[in-house]
Amino acid sequence: MLDARNALLAVKDLQAWYGESHILHGVNFDVHEGEVVTLLGRNGAGKTTTLKSIMGMVGRRQGSVRFEGQELIDRSSDQIARAGIALCPEERGIFASLNVEENLLLPPVIRPGGLSLERIFELFPNLYERLGSSQGTKLSGGEQQMLAIGRILRTGARLLLLDEPTEGLAPVIIQQIGKTIRALKEQGFTILLVEQNFRFAATVADRYYVMEYGRIIDQFATSELDANVEKLHDYLGV
Ligand code: ATP
């Protein structure tokens, strides 16, 4: 059993609101150094809101988000990024008028340890092929997703929050994203992944938390997945 006291990220009783809408009702989970942890759940369960709340990007939040032992709940998004957490949003945020290199250079390097462009291109060789020549929107969905992940690797973040990186992508590209996530894990990054596709999640994750109505309702390790497949089908409606 992992000891919650040594978690890299410890989320406790996290509540969040958009305006008057109360979306998270007390979310509890931990992510340990070097793990890939996946939040599973149906549309609207609160997975994206959980990632945004960790980054301080919701109207109001309450509870506790501890990272490396520091309490971040009262910090600004900017301070949270400087603490070493980066979010790759579902909508990817690629700038259409900028080329691959300009998009990659957009976020500032805010901590030591960020990957150089050379290392990012080693992870994503097809981005290198498109370097300079392609504007953001001329890239395929898979290339845009890789660019969005590559971009946050420059910042120096140690904890990467990836929101549905496989959404809308072809199976062969999903396999490439899986390979990249495994390579990032090997390089020492810690990853919190939001997914609806648990078949994909099973290829990369160490542990899973299931969300429903703004709460965590269950959790499994990869070794327990087979025994829980039926339950997961019920939770995810697949
Ligand atoms: P999805 O896969 O659809 O993104 P999710 O589990 O990530 O699902 P969230 O996006 O976190 O779910 O949404 C949780 C709830 O919050 C939903 O009911 C959604 O309608 C609501 N919500 C999301 N963003 C906003 C917003 N900006 N303002 C108000 N309500 C929002």
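The table below gives the values:
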item	result
Tally of residues being touching a residue at least 24 places away in the same chain (Cβ under 8 Å) and in contact with a Ser or Thr (Cβ under 7 Å, 6 or more places away or on another chain) across region 49-72	5
Options Gly156, Gly136, Gly132; residue that is on the phi > 0 side of the Ramachandran plot, modelled with pLDDT under 80 and touching a strand residue (DSSP E or B) at 6+ places or on another chain (Cβ under 9 Å)	Gly132
Residue check, Leu162 in contact with a Cys (Cβ under 8 Å, 6 or more places away or on another chain) and within 16 Å of the ligand (Cβ to nearest atom)	yes
Per-region count, region 79-136, residues within 16 Å of the ligand (Cβ to nearest atom) and without any contact (Cβ under 8 Å) to a residue 12 or more places away in the chain	1
Helices (runs of 4 or more DSSP H) contained in region 139-238 and holding at least 2 residues among the aromatic types (Phe, Trp, Tyr)	198-204
Count of residues meeting criterion [assigned to a loop (DSSP other than H, G, I, E, B), surrounded by fewer than 16 Cβ atoms within 10 Å (Cβ to Cβ) and charged (D, E, K, R)] in region 64-79	2
Residues located in region 80-119, provided they are outside any helix (DSSP H, G or I), within 16 Å of the chain's Cα centre (by Cα) and either surrounded by 13 or more Cβ atoms within 10 Å (Cβ to Cβ) or among the small types (Gly, Ala, Ser) (or both)	Gly84, Ile85, Ala86, Leu87, Cys88, Pro89, Glu90, Arg92, Gly93
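The values are calculated or read from the model by the stated rules, or taken from the named source; none is laboratory data. All of these numbers come straight from a predicted model, not from anything done at the bench. All Cβ positions, even for glycine, are placed from backbone atoms using ideal geometry, and neighbour counts span all protein chains on display.
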